[in-house]
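This report concerns only the one structure given below.
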Amino acid sequence: MMSPLRQQFRNWAFRRNPEAGPIVLNQRRIYILPTRQGLFFGFVLALMLLGDINYNLSLGYVLTFLLATTGALSMLYAFRNMAQLQVTAGRAEPVFAGEQASFILHFHNDTDLPRHQLVLHARDGHQTTFDLPARQASAIAFRIPATRRGWLASGQLGLYTEFPLGLFHAWSYLHFEQYCLVYPQPAAASPLPAATALHGTGMHSQEGDEDFAGLRNYQPGDALPRIAWKTLAREQEPQVKKFSANQGSERWLDWSLLPAAGDERKLELLARQVLDASAAQLHYGLRLPEAELPPDSSPAHRDACLKALALHGLDHTPPAVRRQADTSGQHLAARIAAWAGRKLRTPSAGKSQ
Amino acid sequence: MGWQKIAHSFRREIAMKPAPHQVYGIIAALFMVCLPHAEHLPHWVSAVCSFLLIWRFHLAWTGNALPSRWLLISFTVAASAGIAVSFHTLFGRDAGVTLLVLLSSLKLMELRTARDANVVIFLACFIIITNFFYSQSIPTALFMLVTLLAILNGWLAMQASALAWRARLRMAAIMLLQAMPLTLLLFVLFPRVQGPLWGMPQDAWAQSGLSDTMSPGSMSKLSLSDAVAFRVSFDGPPPPQQLLYWRGPVLWDFEGTTWKRGQALLTTVHDLQQVSMPVDYTVTLEPHDKNWLFALDMPTSADVPSRISGDFQLLSRTSVTTRLRYRVHSQLGFQANTEESPALLQRALRLPAAGNPQSRNLAATWRRKLGNDAAIIHAAEQMFHNEGYTYTLEPPLLGNDSVDDFLFHSRKGFCEHYASAFVFLMRAAGIPARVVTGYQGGEYNDLGQYFIVRQSDAHAWSEVWLAGQGWQRVDPTATISPARISTGLSAAVPGSEALPFAARYRSPWLLKLRFNLDLFNYRWNQWVLGYDKERQFAFLTRLGMEEVTWQKMALNLLAGVGILVALFSLLILKRLYAGPRDPAVRLYRRFCRKLARHGYARSDHEGPMDYASRASAALPHKADAIQDITRRYLSIRYESRSDPENLRALRHAVAAFKL
Amino acid sequence: MNHSAQSLQTAIQQIEQIILGKSHQIRLALACLLARGHLLIEDLPGVGKTTLAHVLARTLGLQFARIQFTSDMLPADILGVSVYHRDSSEFRFHPGPVFAQMILADEVNRATPKAQSALLEAMEEHQVTIEGTTHLLPAPFFVIATQNPSFQIGTFPLPESQLDRFLMRIQLGYPDASAERGLLEGRDRREIIATLAPQLTPADLQTLQQQVAKIHVSPALLDYLQAILRHTRESAQYVHGLSPRAGIAMLAASRAWALLQGRSAVLPEDVQAVLPGVVGHRLQGTRDNSLTRGDKLAMELIEAVKIP
């Protein structure tokens, strides 16, 4: 579709660094050129004009000018179809390698104009077409195949429209600091390691506060709230409610215990194990060469484990965040203090009555 | 075909199959475009096109596959062959248009991608323009707008398939409306070049009107046409109806039944004596592809390149292929060519060697009995008047001796019969005479104060040459049916006869409506269709442009286009940058801008009170005003006290706020 | 200015005399109370959490109870138990410490999730159901829970869903130098508290709470609130967007803050003032580093959203 040379020119001419904040598509960001079809239309118009002149067709002039003006108007329409849209980068839910990462872009159309036929496309030709109603915010999901684990950047996306007549191509570039976490692709199937028994058995009960586990006879010193008053009404001896904490079994998904294989393969196996353990609601921990996640069974723990696998050997923060992290955080305390102070200095300045 | 090749290169890019409703849009557009052509296309072509459109509609409806390429190619070849057979050529106007219509209908059958649809759309635009070869009337123009709407609708459907048809039509209409001012400007200022740039096909123009021969039936055939021949506006009061003889070709040679103009006159002497009743007027002549310019008997000069022939016909240098306006000076009272050359007088006496013996006898009798020319003419007129001759549009057929048949048997005829018989009698009696064709009378349009002369006003009369008086007009029709000359055709022929609508009805309000319509048409012809180089220069001069030149026009055009484009950009883009709807917010933003100019800009997330405190601290001398404006704004915006009074107070406060 | 509003100002002054240099936090706590919400204080021991609760209860004339949360705590320890009385052969309900107008739930994250949820459910429902009998909690009912910020072994940090039940989370932080000096120079706080006179009655408090609900909120302000909510839902900076409940909480707190400021309508500044308190514990940053605390996210949120 586009020759490499042209692509190179575009890269050079329209290069922009990734942006963090919202992008408002203003005239400096929108480029317009006639499409091939538009050029052809111009050629047709020129032919028509020649005919008009030759045969002195007054109505022909009218038609030709009307078409030409409409065509030219469509350039304004194309520009208008994109202008003043506000785009912000939304979140991108983590995916497994081999899946499609879905980057959400939020388009705010705060104008009274509905927008039509906007096309969002990536370098590799993936594209999605959508309309934006007036005075609404729309979330557009853009899919990019996730091939490798780690942080997947959305990269530079193109937004274009050829609405209304396809004669003009109005386009702009959107390059956000938007990253999607890509988990390793889980291996096909892998048996879970055996439970590590704490006291010799796989399952055991430990006295605790979690679950009601029966009654026992009252012993002096037992807390009043623990006396089973109901049984007291029936039985002679006071009884006390017994509670247990179900520790379950702990399983360690351990990098070092895996059969010898490549790093990536090991990560894939561990990802599979994490998923299986989580599905079986086991109490599992993860041990990697550089980190150890203590056993748990919550979904958050699963995500943490998968993230650790995804970023094994990689930097844990997305590139853009790394860049700005050291500059932004430090003045926070000062900023909050200054701001709170300002609030307090003028507590009653705004009495409006 | 060239466009097919283009379509292929397009297909590479977008291989998107058009949805049924998109196809319907294209079909509708093409249908609208081809509809006016049905009038002059061969019936089989109309039938084939309708079939193709319906077939395509059916395919889109059912979702069936399009016909194979081989089928289409054979179809195309067959259609081209059909056209070649019908028109005996593939070139020229009619054949070309037919081919275009057929091919675009066929293109519809291989409408597989968006690019194909675009080709059809562009072809449709082209077909519209070919329709202007046949008609450029107001209805055609209106229909063009409707067609454009259909085309834009189909086009939008291709681009934005999600748009509902209503929204699409609305958008198409808005775009067309918005395009109109610029179109007008371009139309007025775009420099006109006098065409043609290259040879025009011979048949580019539809022909109607007088020809340079006259045979029984040729005039009555013309009188069935409502078409306008020309329009005339007089500088002064118009002359009476019976003097409105619009002179056309003069016919000298009689060949049994037909009068012909014959070979060109050897002399071009035209000499008027004893002139009286001068009259100046402007004629707007419809194109008729001849070089005749119609003028009142007798023209003396005109303001276009022309000459006056020896028989007083005003002749243009070139054929009139576009509407032509010219001013003429005529003398209604005259003695023409009193010194006519003997050769011409001889020609004006020539008759075929044989035929029409009864008429010859009659003429000979008159010559014998009466002797002088005036008496003979009077006798002929008396005969027409007294011996039961009637004026009719539907005369019976005549035999070989047409003059005898008419004079002594049928006695029913139209102007050409009378003129022909009269001139025959005169020549037979030895008086030089000739037939003059042209138009007589015209319809006066009160509103526009001009005469409309239609084809139905076509007329033929005679001229005789009398020694010392030169050529004199004698209109035998006037003797038989004086009403034809004084009021027009409808009064002269019986009501049952088939006259064109315009010539028949005379009810006042209908007449008025007709005059209004014609006035409108007149202006249309004058200002829209006849807007050529001269008209453009004249118009621009009237608008105040001194010394109209192309450079100036181009500059004006550029400036005008620039201004209009800027205006339209504002209009179209305004909705994008419409500020906040709340007037209070607009006022408050103005206040913020005032402060921002002095370095105290408000950040977007800063609350009005925080901002006021900050600004007051920085500008203590303005603290009161700042607090006051902020308080008013907050009260309107956040306490919902937005009554007009508060708003006015805020407006005043903001206006008064100066740094 | 009516009677209760006037008393409120006096009350604020009285509290400020005890809790030095924490004017903003005191107002936030009061706003939380007036908005009928509960307060979570996350801070180190010894910065005055208990004192604040005490002073508040005392000044507002509220009946006060303190629950020290421990790991072996049972729901019944909080809510109360039905005790069998042999002599009358019937169960009699012994109300737990939760039956007070103001409760200080100290170190709430030391208790097991079971005990925590017992308290939180009571907070939400304003009633306690034991053995099928429903016991209404007193009104007004206000919980100040404290939580240790650092993750220690043996703690059960409140899960997100439970955090959502607190209208606000605030930090007291260290006093500044002059306040510190005042503390060091002054008398023992406990002694002073004992001498404090209530400035408001529970009835006054309820009147004020009703007034809060009547504070005007204009469409423009709702636009602002919605813009804030929308931003959190769209931005990739946050793991989840704010819930509708958070939006309602924000509005209620803003109204209360406006009342405290003596205004009859809510301004964007009011929203901004309560925003860190209201959303700080509801937002979770996606950027995985220690700096992305809730407060910082809230500050960034304020700066990111335009006031329409």
Distance in nm between B:L570 and C:T133 label points, each 7 Å along Cα→Cβ, equals 8.1
Output for the range C:215-304 (equivalent-ellipsoid semi-axes, sqrt of 5λ from the C-alpha gyration tensor, Å, descending) is 24, 13, 10
Rounded to two decimals, the Debye log10 I(q)/I(0) of the range A:9-183 (Cα scatterers, no solvent) at q = 0.17, 0.20 Å⁻¹ is -1.03, -1.27
Rg/Rh of the range C:157-222 (Cα atoms, Kirkwood Rh), to two decimals, equals 1.12
Dividing the alpha-carbon radius of gyration of the range A:116-160 by 2.2 N^0.38 Å, where N counts its residues, gives 1.33
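Calculate, for A:L47 and B:L71, the FRET efficiency according to 1/(1 + (r/R0)^6) with r their C-beta to C-beta distance and R0 35 Å; round to the nearest 0.05.
Numbers: r = 30 Å, r/R0 = 0.86.
Computed FRET efficiency for A:L47 and B:L71: 0.70.
Rank these for me by crowding, B:S306, B:S462, going from fewest to most other beta carbons within 10 Å.
Numbers: B:S306 20, B:S462 26.
By the 10 Å Cβ count, ascending, the order reads B:S306, B:S462.
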All alpha-carbon distances of the range B:259-394, grouped into 10 Å bins from 0, give the whole-percent distribution 10, 27, 30, 26, 8, 0
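Please compute the average number of Cβ atoms from other chains found within 10 Å of each residue's Cβ in peptide A:90-102.
Values: counts 5, 10, 2, 0, 0, 0, 0, 0, 0, 0, 0, 0, 0.
Average neighbour count from other chains, rounded to a whole number: 1.
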Binned at 10 Å from zero, the C-alpha pair distances of the range B:403-473 give percents of 19, 35, 28, 14, 4
Between C:H240 and residues 5 or more places away or on another chain, the pairs with built amide H atoms under 5 Å apart involve C:Q284
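For chain C, count all C-alpha to C-alpha pairs, find those more than 33 Å apart, and express that count as a whole percent of the total. Numbers along the way, then the final one.
On the way: 12234 of 47278 pairs.
Cα-Cα pairs of chain C separated by over 33 Å account for 26 percent.
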Note to self: C-alpha centroids of the range B:151-170 and the range B:79-143 sit apart, in Å, by 23
Per the 1/(1 + (r/R0)^6) rule, R0 = 35 Å and r from the Cβ atoms of A:E99 and B:A19, FRET efficiency to 0.05 is 0.70
Helix B:623-638: inclination vs chain B longest Cα principal axis, degrees, rounded to 10, gives 70
Gyration tensor on Cα atoms of the range B:50-90, a ≥ b ≥ c root eigenvalues, a/c under 1.5 rounded, else prolate if a/b beats b/c, else oblate, says oblate
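B:Y577 to B:I174: FRET efficiency via 1/(1 + (r/R0)^6), r the Cβ-Cβ distance, R0 22 Å, to the nearest 0.05? Intermediate values should be presented prior to the final figure.
On the way: r = 19 Å, r/R0 = 0.86.
With a Förster radius of 22 Å, E is 0.70.
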Env charge @ B:I626, Cβ radius under 13 Å, K,R +1 / D,E -1, value +4
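For the residues B:S74, C:S23, what sequence is obtained by ranking on other C-beta atoms within 10 Å, fewest first?
Working: B:S74 11, C:S23 18.
With the fewest neighbours first, B:S74, C:S23 line up as B:S74, C:S23.
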Once phi for every residue in the range B:240-255 is put through the Karplus expression 6.51 cos²θ - 1.76 cosθ + 1.60 (θ = phi - 60°), the whole-Hz ³J(HN,Hα) values, with Gly and Pro written as x, are x, 3, 6, 9, 7, 9, 8, 7, x, x, 9, 9, 9, 9, 9, 10
Counting all Cα-Cα pairs in the range B:279-327, those more than 17 Å apart amount in percent to 23
Net charge near C:L242 (other residues with Cβ under 13 Å of its Cβ; Lys, Arg +1; Asp, Glu -1) is +1
In deg cm²/dmol, rounded to the nearest 500, the helical mean residue ellipticity at 222 nm of the protein assembly as shown, built from -39500 (n - 2.57) for every DSSP H run of length 4 or more, is -14000 deg cm²/dmol
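Over its Cα atoms, what ratio of radius of gyration to 2.2 N^0.38 Å does the range B:527-611 give?
2.03
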Per residue, the convex hull enclosing the alpha carbons of the range B:316-393 has a volume in Å³ of 262
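What does the C-alpha gyration tensor say about the overall shape of the range B:533-574? Classify as rounded when a/c is under 1.5, otherwise prolate if a/b is larger than b/c, or oblate. It would help to have the intermediate numbers written out before the result.
Numbers: a/c = 3.60, a/b = 2.74, b/c = 1.31.
Here the range B:533-574 falls in the prolate category.
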For the range B:2-189, the Debye formula with one identical point scatterer on each Cα and no solvent gives log10 I(q)/I(0) at q = 0.10, 0.12, 0.16, 0.17 Å⁻¹ as -0.42, -0.60, -1.05, -1.17
For B:K658, the aspartates and glutamates lying under 18 Å Cα to Cα, once residues fewer than eight places off in the same chain are dropped, come out as B:D624, B:D628
Diffing the range A:26-43: the Karplus 3J(HN,Hα) column from phi (6.51, -1.76, 1.60, θ = phi - 60°), in whole Hz with x for Gly and Pro, holds 10, 5, 6, 9, 9, 10, 9, 9, x, 7, 4, 5, x, 5, 5, 4, x, 5
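What does the charge dipole of chain C about its Cα centre add up to, to the nearest 20 debye, if the Cβ of each Lys and Arg holds +1 and the Cβ of each Asp and Glu holds -1?
On the way: 27 positive and 29 negative charges, 81 e Å.
Computed about the Cα centre, the dipole is about 380 debye.
How many percent of the alpha carbon pairs in the protein assembly as shown exceed a separation of 58 Å?
More than 58 Å apart: 48 percent of the Cα pairs in the protein assembly as shown.
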A student asked for the Cα radius of gyration and Dmax of chain B in angstrom ought to give 36.4, 128
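Laboratory data are not the source of any read-out in this text; all were calculated from the coordinates shown. Being a predicted model, the structure only gives us computed values, none of them experimental. Here Cβ is always computed from backbone atoms with ideal geometry, including for glycine, and neighbour counts include all displayed protein chains.
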